[in-house]
Each structure stands twice: as C-alpha cells, then as structure tokens.
Amino acid sequence: MGAKTVGVKRRRRGDPREITNCLLEHPDVAEAAALGVADDIYGEVPAAVVVIDAIPTNANGKSDRDALTALWARRTGRDRERGATAEA
C-alpha cells in the first residue's frame, strides 16, 4: 500500500509522514500520527488536532489507524470518510 498524500489549502500537499515528522520535531511531542479526512475539493485534508495520552498500536506495534480514526471521530464528532459532522 502506498502512502496517501494529504491536500491542504492553497494547493499545497503534504504526506501524513511529513506532518508526523514535523510534529515530532517539537521537544514537547513524544508521539504523533497524522490522518487525512475526505474532502470533495482537496481529496484528503488534515482537519483537527486531537491530543491523546498514547497512540494505539496493533499486534505488530505499529500505529493502529482504525483505532486512531475511531478516537478522532469520538473526539470531534466527525466522520473521516465523509469529512462531515456525524449525525446522531
């Protein structure tokens, strides 16, 4: 699977790994992960900053993207696939 590029406004694009690496450069950040949210115009865009105690991992010790997506949806009330506020 190839890495998805996350689009941002002003036609600039950033790979989630680049965003993660940039966050990790800050001395107060121990762990970071970037995810994209579906957007009709830009494809996928970063949509929110969510601070958590620890990044969930899968059995292989890698970031669990599904768990991160679920956590982000609970914290923001948004649906990653639609990029819209989740209907209750």
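The values are calculated or read from the model by the stated rules, or taken from the named source; none is laboratory data. In this text, all values refer to a predicted model and were calculated from it rather than measured experimentally. Every residue, glycine as well, gets a Cβ built from its backbone with ideal geometry; the counts of neighbours run over all protein chains shown.
Observations on the model:
- Failed item in (1) on the phi > 0 side of the Ramachandran plot; (2) modelled with pLDDT of 90 or more, with CYS22 passing the rest: (1)
- Within the range 48-74, residues that are of a type outside the set (Ser, Thr, Tyr) have Cβ atoms under 6 Å from residues that are in a helix (DSSP H, G or I) in these pairs: ALA48/THR76; VAL50/TRP72; VAL50/ARG75; PRO56/ALA67, counting only partners at least 6 apart in sequence or on another chain.
- For ALA33, the criteria (1) small (Gly, Ala, Ser); (2) under 11 Å from the mean Cα position of the chain (by Cα); (3) modelled with pLDDT under 80 hold in every case but one, which is (3).
- Answer from ARG82, ARG75 - the residue that is modelled with pLDDT under 85, in a helix (DSSP H, G or I) and exposed (fewer than 15 other Cβ atoms within 10 Å of the Cβ): ARG75
- Of all residues in the range 52-66 being more than 12 Å from the chain's Cα centre (by Cα) and not aliphatic (A, V, I, L, M), the one that is surrounded by the fewest Cβ atoms within 10 Å (Cβ to Cβ): ASP53
- Count of residues meeting criterion [farther than 19 Å from ALA30 by Cα, in a loop (DSSP other than H, G, I, E, B) and over 11 Å from the mean Cα position of the chain (by Cα)] in the range 42-51: 1
- The residue of the range 41-72 that is modelled with the highest pLDDT, among those that are in contact with a strand residue (DSSP E or B) (Cβ under 6 Å, 6 or more places away or on another chain) and hydrophobic (A, V, I, L, M, F, W, C), is ILE55.
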